[in-house]
Amino acid sequence: MNLLQREKIEMKTVLKKLLDEYYEFNLPDMVRRQTDFPMFPRKATVIIGMRRTGKTWFCYQKMKDLMAEGIDRSRILYLSFDDDRLFGFDIKDFQSILDVYYARYPENKEKTCYFFFDEIQLIDHWETFIRRLIDRENIQIVLTGSSSKLLGTEIATSLRGRTYVCEMFPLSFSEYLIAANIFSQIPDQFGSAVEAKLRNALEKYFASGGFPETIGLSVFERQILLQGYVDSVLFRDVVERYRIKNITALRYLIQEILHSPGQKFSVNKFYNSLKSLGIECDKNSLYACIDHLSDAFLFSKVPVYSKSERVRRVNPAKIYTVDTGILFTALTGNSDNNGPILENMVFNGLRRTARSIEYVQPAESGEVDFIASDHFNQSKLIQVAWSLSDRRTFERETRALIAAGESLNISDRTIITWDEEDELSNGIQIIPVWKFLLSQRF
């Protein structure tokens, strides 16, 4: 027996063990996520998102739905390529998955089966195997990954037209209310008692964020956990994946963005700041690192609104963080950051339903935080302000909204505050953030 044959036998032994464990595992009860989970014949469903947002449990949810529809558990396979026992797994081992599965369930060869592959991007050339399954086997494929760029690049080249991509986020406010046992179902009427309960829950959600594992933890435990998430993105999704050498500059970059939520980020300014600290780095590397952190879903870039690509390139993007809990971990104890963190929360709410999000900067009338467009090309303008009780703040926010609305011919204009509600004579709606977040359900 040669070395290759021996390695194949060993890998099949590992795969048999993993299948045994999966079929012995009782799928857990879970809070139902609101994200759509479509399945289409001859297409793979691809679930992407930052680590620990719940992609695996989302797969469990779909598995239970399939079994509720009458699909036998034996026709559903789950395999995580993040398992250390699959170290050394490569392209030649993919066939072994089919060999081991159909040896166990030969009667399923003529039936539609459902294969869930978690963190599949860890294996080089995975897309060639998936393309073969889609084209030649009676198997419905679900893939997950924590890198938008890797999956996106490979899908574009090898799986074009064969995939449906959906993104997982941390828990929405609605999902948080259920997961934290604050409500058994989301209320659709808001009496004084319900509103008081929602406001209290919002304060907790604002500080803790929506990563599922943070629910019920103390402040200290939550901070340790979320710092670990950021470190996982830093080392596993950026340093290891892109072979980054200048870790010091990368750490400074992450901290700079976390300490400036929703601000326009100037690479030139940050580069000069690093130079003043004696930290060597080149600008191209900084641009690349921002892209890597965005690809790993830690940050999102929001460009200026313009039909001119040149204008979009020369104006800096605003950068937002995936979760307010991570921001609070970096910005502990400074109430001056409440407004920017609120803006970040609104952005994360918009991301769940908007097709595109940009900011508007009219010539003289001030900036509008967001212009959000849906999949029907309907656009709305949104300002975010912690409070409008100060007259100058009120005038600044409304003036920018009115000017942008007239310039862009957009009548849907809203100011989102922490806890104020009104309708102005010019049609501008003022709503509290809890009400906005509850409206962002799929």
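The values are calculated or read from the model by the stated rules, or taken from the named source; none is laboratory data. Quick caveat, the model's predicted, so the values are computed rather than measured. Because the Cβ atoms are built from the backbone with ideal geometry, glycine has one as well, and the counts that use them run over all protein chains shown. Ligands, DNA and RNA are stripped out before the accessible areas are found, and what is left, the full protein with its side chains, is counted by its heavy atoms. Shrake-Rupley method; radii C 1.70, N 1.55, O 1.52, S 1.80 Å.
Of note:
- For segment 1-112, the square roots of the Cα gyration tensor eigenvalues, ordered a ≥ b ≥ c, give a/c of at least 1.5 with a/b greater than b/c, which places it in the prolate category.
- Two-site label geometry, residue 353 and residue 399: point separation in nm, points 7 Å out along Cα→Cβ: 3.2 nm
- Pairwise FRET efficiency - residue 158 versus residue 34, Cβ, R0 = 30 Å, nearest 0.05: 0.45
- Between residue 283 and residue 109, the C-beta separation translates, for a Förster distance of 45 Å, into a calculated FRET efficiency of about 0.20.
- The chain: C-alpha pair distances exceeding 29 Å, %: 53 percent
- Summary of the geometry: segment 167-184 and segment 91-113, compared by the centres of their Cα atoms, lie 37 Å apart.
- Inter-part distance, segment 261-290 to segment 394-442, computed on C-alpha centroids, equals 34 Å.
- Charge context of residue 328, other residues only, Cβ under 12 angstrom, K/R +1, D/E -1: 0
- Ordering of 131-144, 300-313, 188-201 by packing is 131-144, 300-313, 188-201, highest average first (other Cβ atoms within 10 Å, averaged per residue).
- Distance between the 7 Å Cα→Cβ label points at residue 268 and residue 204: 4.8 nm.
- Solvent-accessible area, 1.4 Å probe, carbon plus sulfur percent, for segment 260-395: 45 percent
- Pairs over the 25 Å Cα-Cα cut-off, from the set 245/283; 55/307; 16/109; 92/245; 16/64: 55/307; 92/245.
- Per residue, the chain reaches -13500 deg cm²/dmol at 222 nm when only DSSP H runs of four or more residues are counted, each adding -39500 (n - 2.57).
- For peptides 370-380, 233-243, sequence by mean Cβ density within 10 Å, most packed first: 233-243, 370-380
- Global form of segment 300-442, assessed from the alpha-carbon gyration tensor, a/c cut-off 1.5: rounded
- Solvent-accessible surface of segment 32-152, averaged per residue with a 1.4 angstrom probe and all protein chains in place: 41 square angstrom.
- Peptides ranked, highest mean first, by Cβ atoms within 10 Å: ranges 394-400, 346-352, 165-171: 346-352, 165-171, 394-400
- Probe 1.4 Å, protein heavy atoms only - accessible area per residue of segment 231-326 in square angstrom: 51 Å²
- Here the relative contact order of the chain, from alpha carbon pairs under 8 Å that lie six or more residues apart, stands at 13 percent.
- Prolate/oblate/rounded label for segment 226-280 (Cα gyration tensor, a/c 1.5): oblate
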